[in-house]
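Derivation of every value follows stated rules applied to the coordinates shown; laboratory data play no part. Treat the numbers as computed from the prediction; the structure is a model and nothing was measured. When we count neighbours, we look across all protein chains shown, and the Cβ atoms used for this are built from the backbone with ideal geometry, even at glycine.
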Amino acid sequence: MGNKIIQVIAKRHSIRKYKQKAVSKSLIYEILTAGTLAPSSKNRQPWKFIVATAKSKEEALDAMQKGLERERKEPFLPESAKYLSGAENTLRIMRQTPVIIFIVNPLGMDLYKKLTPEERIFELCNAQSVGAAIENMSLTAVELGLGSLWICDIYFAYKELSEWLDTKGELLAALAVGYADETPRARPRNNLNDIVEWREKN
């Protein structure tokens, strides 16, 4: 069993080219179900999934487009300006895919709020929980013969996308899902000997 899990993990790649082929609701439900099975801090399950397809997806991406255009004039993330062209490329990729899943943390706090240490830890724990949910969904997509792209470039258009989503909580990420039209090579990974430190006392 362990070997099979590793094989699925190794097959997961960030897909940036998609076929023009619809994904059935039944497959999307399987992916979403996998997300809900993730571990979460204190079992808070701090996630809500908003699935955008067809015209709704285009509306969401138009909101993102407006955000990127605004970002060039009035940056929300001025120190990340060098990544803005990459976000514009991500938007082009998102337009190819039939499904975009927006992941919202209903328990999330306002980005501008100054947090106490306890509130900060609350946010960190919930972010870890949501990350586990997204990884579950990405791996399930692989098992179902689909590709996916975990997207954080949405933060450049945080205001515009949050207004379009019109839901309580903090937008954390998006997941593009579709049938892959590429087979990317695995990216190099760090050598375990360089990143693992064993501490053992007898």
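Between TYR179 and ASP110, what length in nm is gained on full extension when 0.36 nm per residue of separation is reduced by their alpha carbon distance?
Working: separation 69, 0.36 × 69 = 24.84 nm, distance 3.52 nm.
Stretched out fully, the TYR179 to ASP110 stretch lengthens by 21.3 nm.
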* Nitroxide proxy distance, nm - points 7 Å out along Cα→Cβ at GLU74 and THR36 -> 3.9
* Do you know the relative contact order of the range 14-181, to the nearest whole percent, from alpha carbon pairs under 8 angstrom that are 6+ apart? -> 42
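Expressed in nm to one decimal, what extension gain is obtained for the pair VAL8 and GLU135 from 0.36 nm per residue of sequence separation less their Cα-Cα distance?
Numbers: separation 127, 0.36 × 127 = 45.72 nm, distance 1.16 nm.
Taking VAL8 through GLU135 to full extension adds about 44.6 nm, to one decimal.
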* Structure fact -> Counting only backbone N atoms under 13 Å from a point 7 Å out along Cα-to-Cβ of GLU119, the residues of the range 148-173 in range are none
* Structure fact -> Whole-Å distance linking the alpha carbon centroid of the range 126-177 with that of the range 67-103 is 14
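Hey, fewest Cβ within 10 Å first, where do LYS25, LYS48, LYS82 land in order? Present the calculation step by step, with values, prior to reporting the outcome.
Working: LYS25 11, LYS48 17, LYS82 7.
Starting with the residue having the fewest Cβ neighbours, the order is LYS82, LYS25, LYS48.
Which of the chymotrypsin sites (Phe, Trp or Tyr not before Pro) found in the range 88-165 are loop residues per DSSP with 10 or fewer other Cβ atoms within 10 Å of their Cβ? Before the final figure, lay out each step's value.
Numbers: sites: PHE102, TYR112, PHE122, TRP150, TYR155, PHE156, TYR158, TRP164; in loops: TYR112.
Filter output for the range 88-165: TYR112.
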* **For Cα Rg over 2.2 N^0.38 Å, calculated from these coordinates, the label among [x] 1.15; [y] 1.09; [z] 0.99** => [y]
